[in-house]
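The values are calculated or read from the model by the stated rules, or taken from the named source; none is laboratory data. Small disclaimer: the values here were computed from a predicted structure and weren't measured. So basically every Cβ, Gly included, is an ideal-geometry build from the backbone, and we count neighbours across all protein chains shown. To get the accessible areas, we keep the full protein, side chains included, count just its heavy atoms, and leave off ligands, DNA and RNA. Shrake-Rupley method; radii C 1.70, N 1.55, O 1.52, S 1.80 Å.
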Amino acid sequence: MTRVVSLAALAAVLISAPARGMDPTPRATAVTSVSIVPATGKAQVVIGIAGSVDIEDFTLEAPYRIVLDLSGATLGVPPQMYDKVARGGIRNVRLAQYKKDVVRVVIDLDTTRSYSIDRGSNDVRVSISAPGSRFDAWHGARDAAQPVAERPEQTEAPKARTRMAAPATSTQPRITVTYQDADIRDVLAAFAAFSGRTIVVGKGVEGKITAEVRDQPWDVAMNAILQSQNLAAGEDNNGIITVDSYGNILAKQATEPLVTQLIPVNYTRASSLVETIGSLLSKDCPPQAAGAAQVSVQSCPARGSVRADTATNTLLVTEVPSRMNDLVSYVRDLDVRTPQVSIKAKIILVDRTDIQDIGIAYDFGSSGAFFNKLVQRPSAFGPIDTNGDGVPDATRPTEYFDPSKTPSVFRVGGNSLAAIANANQRVANPALSLLFSTTLGKFSLTSFIDALQEVRLADIQAEPSIVTLDNKKARIVVGEETPIRVLDANSAGTGAAARATVSFKESGIILEVVPHITSNRQILMTLHSERSSLALAASDLGYTFAKQLAENQLLVSDGETAVIGGLTVTQVSVSKAGIPLLVDLPLIGKLFGHTSSQEDKRDLLILVTPHIVDDGDKLGGTAAPR
């Protein structure tokens with residue numbers, strides 16, 4: 001049964017021993033929580049314990065693991081509770097009751113990493129080297145009411161704060177206590193004794209407290225109690241905590257003299273913070289008369305001011321001293337390094353053409369009648385000396401008929417017949433050409449066999465890459481701008497020429513991207529990837545633009561290659577030409593015609609690989625998409 005703390009002995013009880021309202025038997029050997037939090041250049045595994053334990057650690061290979069044996073402890077959390085999300089090189093955290101009084105903690109890592117162990121009063125911290133790693137903290141406990149926050153490095157000086165608002169996470173010692181109608185001043189004295197801090201109470205602080213606190217950080221518990229009484233706590237540069245009412249705090253700020261401080265800004269533009277910081281300045285509200293309508297604090301003018309010096313990227317802040325450290329802290333929280341994203345795209349265009357042509361053509365005619373120019377027939381002969389003895393012993397053609405001037409007929413038995421030949425149906429640029437000629441009486445018959453098989457393959461690859469800040473649009477163009485002239489026919493008048501305007505059209509390799517890094521280190525991208533080329537139009541319209549592009553949004557993991565676009569176009573054409581009727585005969589029809597087949601296949605593939613550039617990474621150091 002829970003006991004009520006005696007008000008007179010409350011402070012002494014809290015200092016001496018946890019009795020009468022404090023938990024008399026704390027979980028001295030229980031592992032109460034496990035957390036993973038980021039730190040400068042490292043990731044910390046925080047093992048919450050409620051007592052003293054002996055620690056033994058060693059490592060294992062394939063895969064690399066850090067093993068901790070906590071002697072004198074019992075497991076108070078589920079053994080398998082980690083979400084297995086990679087954080088700072090940590091892939092998994094497993095716990096087990098290895099022996100009756102030994103809890104074993106196994107930390108799975110992605111590679112060999114250096115580590116150190118820091119033992120605190122209520123936790124064990126394993127600091128693992130993770131330079132440049134950024135991730136969100138994770139917490140798992142038997143009671144996940146309060147996650148564990150990052151504990152400051154021992155080598156850093158504590159930051160001065162003027163507000164005591166408890167953070168969402170806390171690593172302060174936990175307290176279990178019950179109050180019933182206790183004076184607020186006695187309660188604050190008990191918290192001062194428990195925490196070892198100096199707490200100064202204002203004269204306007206009064207009231208009775210009834211509360212039951214179970215296993216909560218003392219600062220979280222104290223702030224909850226103060227908020228229930230409309231009270232606030234502030235901490236000065238010396239670490240002294242002052243508790244007072246909101247009205248007294250505002251009245252004190254209204255009479256404080258103003259001071260001015262320069263706050264340098266590293267990553268953000270100082271001018272972009274002026275409006276935000278200006279809205280946090282203390283207000284100069286006039287005193288309200290009894291019964292008058294309440295005036296909103298936001299409508300009151302600010303006492304101080306905020307200005308930005310663009311030359312040095314510095315904020316010039318004028319404010320009361322009690323609020324200055326708050327504003328400095330806000331600026332530090334807003335002035336964070338914006339992560340960068342390196343994006344590599346790959347546009348692959350494969351163009352394949354298969355051509356097969358085969359044809360048989362004929363030419364039949366006399367020496368004075370023919371329809372084509374493929375087989376020239378002589379119309380006159382002259383003597384020649386073939387053996388060099390000075391006596392002509394042979395003849396050769398000296399003149400050929402011009403089909404355009406000579407009637408294209410030949411006579412068989414005194415009758416004129418139209419051509420019975422298709423010699424003009426030849427394969428263009430054949431790879432194989434056979435010619436056969438024979439004489440039939442006064443006529444000659446010539447046949448042509450032409451064949452062609454051609455394969456054309458074009459593989460075009462473009463690999464644009466670019467680096468940009470998170471949530472900032474980036475654009476890269478590798479190509480040319482073509483001037484396009486447009487005539488305005490309506491502007492042409494009597495004796496006046498039409499007015500022409502010139503615009504420029506981009507063509508080439510174009511990549512536009514707007515990346516956004518999510519909380520789990522994935523990348524949401526809005527992409528425009530294009531490959532375009534310019535060609536003269538067949539008509540008088542000017543130019544045509546051939547494009548291969550993709551516009552979409554996709555979510556990709558860090559370093560993952562994704563296919564954002566794919567297109568395959570296949571075109572097949574078959575033609576047959578030859579002597580009518582004969583070309584359609586079965587089996588032998590191919591002897592009287594020409595057959596052509598052509599297949600065009602075009603493949604387009606667009607790949608993209610984003611990579612988050614962490615601190616210390618080299619720009620452009622990511623691998624190209626494969």
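What pairs from LYS576/LYS601; LYS42/LYS346; LYS346/LYS472; LYS208/LYS252; LYS505/LYS601 go past 32 Å between their alpha carbons?
The pairs that break the limit, which is 32 Å between Cα atoms, are LYS42/LYS346.
Less than 13 Å Cβ to Cβ from PHE436, Lys/Arg counted +1 and Asp/Glu -1: what total charge do the surrounding residues give?
Net of charged neighbours comes to -2.
Order of 511-519, 561-569, 480-488 by packing, highest average Cβ count within 10 Å first?
511-519, 561-569, 480-488
Using only the Cα atoms of the stretch 435-588, build the gyration tensor, take square roots of its eigenvalues as a ≥ b ≥ c, and label the shape rounded, prolate or oblate: rounded if a/c is under 1.5, else prolate if a/b is larger than b/c, else oblate.
oblate
Quickly rank 259-269, 312-322 as a protection proxy: mean count of other C-beta atoms within 10 Å, highest first.
Ranked from most to least packed, the peptides come out as 312-322, 259-269.
Give me the distance in nm between label points sitting 7 Å out from Cα along the Cα-to-Cβ direction at LYS547 and THR438, one decimal.
For the pair LYS547/THR438, the computed spacing is 6.2 nm.
Just how much of ASP244 is accessible, in Å², when a 1.4 Å probe is used and the result is rounded to the nearest 10?
About 30 Å², rounded to the nearest 10.
So, in Å, what gap is there between the alpha-carbon centers of the stretch 106-142 and the stretch 542-585?
Between the Cα centre of the stretch 106-142 and that of the stretch 542-585, the gap is 53 Å.
What is the sum of charges, Lys and Arg at +1 and Asp and Glu at -1, for the other residues whose Cβ falls under 9 Å from the Cβ of LEU534?
0
Beyond 15 Å, what share of the Cα-Cα pairs of the stretch 551-598 is found? Please give it as a whole percent.
65
By how many nm would the segment from ASN429 to THR59 grow when fully extended, if each residue of separation counts as 0.36 nm and the alpha-carbon distance is taken off?
In short, 125.9 nm is gained.
Counting only other residues whose beta carbon sits under 12 Å from that of GLU480, what net charge do I get with K and R as +1, D and E as -1?
Taking every Cβ under 12 Å from that of GLU480, the sum is -1.
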